[in-house]
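Single-structure report; data block below.
The values are calculated or read from the model by the stated rules, or taken from the named source; none is laboratory data. Values in this document were obtained by computation on a predicted structure and should not be read as measured data. Please note: Cβ atoms are built from the backbone with ideal geometry, for glycine as well, and neighbour counts cover all protein chains shown. Ligands, DNA and RNA are excluded from the accessible area calculation, which covers all protein heavy atoms including side chains. Shrake-Rupley method; radii C 1.70, N 1.55, O 1.52, S 1.80 Å.
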Amino acid sequence: MQQNIDNMLKIGTIVGPRGLKGELKVLSSTDFPERFEISEEHWISDPNKSTLQSVKLISSRYVMEKNIYIVRLQGIETRNQAELLRNYKLFISNHSIPELKKDEYHISQLINLEVYHQKTKKLIGIVTDVFTTGHDLLEIELENPSLPESDKKQKFLVPFVYEIVPIVDLVNRRIELNPPKGLLDLSIVK
């Protein structure tokens, strides 16, 4: 069955092989360990393509304090095969998503939302990624047509905390920022 990547939830990124027998290290991007259970349907996506390939998860185990799962996928039996999957993304379908509480969001819901300055109402950019660290960080690609061409792909990181991101409007696909003075200047990532 062909799946649309827009109907999927990314649960991790394959960061490399582990050992010689085809095990994979997956950096988790989910707070729900049940998403790595064998009963779930899983898909992988090449980082350079938007197509999905169904995979069968044979086993998984969590590596404490590293946010890594060691997984085995059917048909991946050597280190060389595992190495070919480096940087692939691991997905489950959206129908597997549990209900969230108010003011909780899935990472996939935040990607591609437009970001506006709450006071000036000016478009700042769009969310391109979310990093889960001690505090989640929104990666925002700057939207400023007056910048020189070399700077148009600038990205910056913003802590995803209520004081800075008071409004997340999924219906209208927008986020409003209330950045402290200097945050947007200091956060530029090239």
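Does Gly134 satisfy the criteria of being surrounded by 19 or more Cβ atoms within 10 Å (Cβ to Cβ), without any contact (Cβ under 8 Å) to a residue 40 or more places away in the chain and closer than 28 Å to Pro166 by Cα?
Taking the combined requirement at face value, the residue does not satisfy it.
Just give me the residues in region 162-190 being of a type in the set (A, V, I, L, M, F, W, C) and at pLDDT 90 or above, in sequence order. Write out each step before concluding.
Taking region 162-190 as the starting set, the residues that turn out to be of a type in the set (A, V, I, L, M, F, W, C) are 164-165, 167-168, 170-171, 175, 177, 183-184, 186, 188-189.
Scanning region 162-190 gives Ile164, Val165, Ile167, Val168, Ile175, Leu177.
Could you pull out every one of the strands (runs of 3 or more DSSP E) wholly within region 19-110 that has 2 or more residues that are open to solvent by less than 30 Å² (accessible area, probe 1.4 Å) and touching a strand residue (DSSP E or B) at 6+ places or on another chain (Cβ under 6 Å)?
23-28, 42-45, 52-55, 68-73, 89-93
Among the residues of region 111-120 satisfying the criterion of being modelled with pLDDT of 85 or more and assigned to a loop (DSSP other than H, G, I, E, B), which is least open to solvent (accessible area, probe 1.4 Å)?
In this case the residue turns out to be Leu113.
Which residue, of Leu123, Leu147, is modelled with pLDDT of 90 or more, open to solvent by 40 Å² or more (accessible area, probe 1.4 Å) and more than 18 Å from the chain's Cα centre (by Cα)?
Step by step, each of Leu123, Leu147 is checked, and only Leu123 is modelled with pLDDT of 90 or more, open to solvent by 40 Å² or more (accessible area, probe 1.4 Å) and more than 18 Å from the chain's Cα centre (by Cα).
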